[in-house]
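A short write-up of the structure that comes next.
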Amino acid sequence: MAWFGRDRLFWVALLVVLCFVAVLILPSQSRASYPSYLLAILMLATLPAWRDFFNLRIGWVLLCFLGWMALSTFWSEDWTLRRSFSVWVRCLLVFLFVVAVAECRLRGQLQRWMARALTGAGVIVVLAAIGVFFWTDPEDGRLNGLGQLDTHVIAALVFGVVLLFVMRFVSDAQAKSWQRYLGVVIAVAIVMAIYLSDSRNAWVSVTGGAIVFLLAHKVQDPKQFLAGVAGAGVLLVVMLVMIANHDQLGPYLLPRGDSFRLLIWQEVIGRLDGHWLFGRGILTTDDVLQGGIVFQHPHSMYLSVVYQAGIVGLVLFFTVLGWTIWTLMRHYYAADAKLALSILALALSAYVLDGHELVDKVGSSWFLIWFPMAIAIGFRWAEPDAVEDEG
């Protein structure tokens, strides 16, 4: 199927890239969603081209999770038809985005040019954010991103994903020497941007993601890689505990203490009394008042999932994640699998202390969680026995 001299997958890949660009540069989430709407329309209009996706068990588990999140609207407080419909649409957008990226990986579009386009777009915006930071000299001294990345934490996490894109580019055996040198210089600039964000969470989680990426490229045996990740994780946690309890280094690592995290979590957990199994619904307000400040979410993605969809939702989410990691480990020697594993390492650690809307319009979570998950599904989709055995 060719349109204007390009096949269908070119336009799918282009719209995925535009979704990323929209998150990076458009401050309005509604406007940033336009590419995702076009992507959804294109995917729905060409459903016969990817209908074998429904023969994948991992695809059905993903559908179950998104469907459960959508169903939670019906036991949410302050339910309205309009808000419920909006959540169902968002679940559909996320699902079609995952299918689109998975198919791009399956058909080779990600390998041909899409990954480079994502990298280039991210690099340009990070460099622009650095320029804006030094030009405007913000009062709080923190580097924020452009577009939807208007908070230092989210900006730094997405910049971390861009850093991993650049590291993948530099590690490519086909990259020329001058390209590698340029990539290293750009990587240093991105690290500087993350440092200037002053987000301790990003410092730690991006470091973890980079460590996983380096281990994946240095360690040839998957079992040794997993052992190395576990060892590095334990070592990192021990170091953080030691620094946090040090008289001089502790205040630097945690200048605002725990930022009311423990009090916020206690409040949210208290509200779950009697709602642990199904949650309180995705539409239920999760604002928390602590220290005279209204915190607009629980500051933990996992606690947010439990709050919105209960233990059932969390189990479904972890099932999809577990299947994703298992699939990526089966394809450990592929560069895209190493990239996806490192992005997940960054995201899953960062979301312990931040994040709250796993199912939303196009935003940071699409590239921190759903993008690497889609890569894993693309790998499974390409396995010779996938459709036959799971059909």
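Taken together, the values in this text are just the output of simple stated rules run on the coordinates, not laboratory data. Owing to the predicted nature of the structure, the values given are computational and were not obtained by experimental measurement. Using ideal geometry, Cβ is built from the backbone for each residue, glycine included, and neighbour counts are taken over all protein chains shown.
The table that follows gives values for the structure above.
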| quantity | calculated |
| --- | --- |
| Farthest toward positive dipole pole in the chain [+1 Lys/Arg, -1 Asp/Glu at C-beta], among 279, 305, 87 | 87 |
| Label-to-label distance, nm, for residues given as residue 88 and residue 236 (7 Å Cα→Cβ offset) | 4.0 nm |
| Charge dipole (the chain, unit charges on Cβ, about Cα centre) - positive-most of 368, 160, 45 | 45 |
| Exposed GluC sites (Glu not before Pro) absent: longest stretch of the chain, with sites in DSSP loops and at most 11 other Cβ within 10 Å deemed exposed | 140-391 |
| Sparse-neighbourhood loop sites, trypsin sites (Lys or Arg not before Pro) in the stretch 142-250 - DSSP loop, at most 10 other Cβ within 10 angstrom | 176 |
| 222 nm mean residue ellipticity, helices alone, for the chain (DSSP H n ≥ 4; -39,500 (n - 2.57); rounded to 500) | -22000 deg cm²/dmol |
| Ordering of 334-343, 52-61, 19-28 by packing [mean C-beta count within 10 Å, highest first] | 334-343, 19-28, 52-61 |
| Charge context of residue 272, other residues only, Cβ under 14 angstrom, K/R +1, D/E -1 | -2 |
| Rounded if a/c under 1.5, otherwise prolate or oblate - the stretch 1-79, Cα gyration tensor axes | oblate |
| Where a label projected 7 Å from the Cα of residue 326 along Cα→Cβ would reach, residues of the stretch 371-386 with amide N under 18 Å | 373-386 |
| Note, ³J(HN,Hα) from phi for the stretch 134-141, Karplus 6.51, -1.76, 1.60, rounded to Hz, x at Gly and Pro | 6, 6, 8, 6, x, 4, 7, x |
| Estimated FRET transfer efficiency (residue 176, residue 112; beta-carbon r; R0 25 Å; 0.05) | 0.90 |
| Extension reserve of the residue 140-residue 311 stretch, reckoned as 0.36 nm per residue once the Cα distance is removed | 57.7 nm |
| Rough spin-label spacing in nm, given labels placed 7 Å along Cα→Cβ, for residue 185 and residue 79 | 5.9 nm |
| Farthest positive-ward along the stretch 18-126 dipole, Cα basis, beta-carbon charges - from 20, 110, 75 | 110 |
| Theoretical gain in end-to-end length, residue 285 to residue 195 [0.36 nm per residue, Cα-Cα removed] | 29.1 nm |
| For the stretch 276-288, 3J(HN,Hα) per residue [Karplus equation, 6.51 cos²θ - 1.76 cosθ + 1.60, θ = phi - 60°, Hz, x = Gly/Pro] | 5, 6, 9, x, 9, x, 5, 8, 6, 4, 10, 5, 10 |
| When the convex hull of its Cα atoms is projected in every direction, mean area for the chain (nm²) | 21.0 nm² |
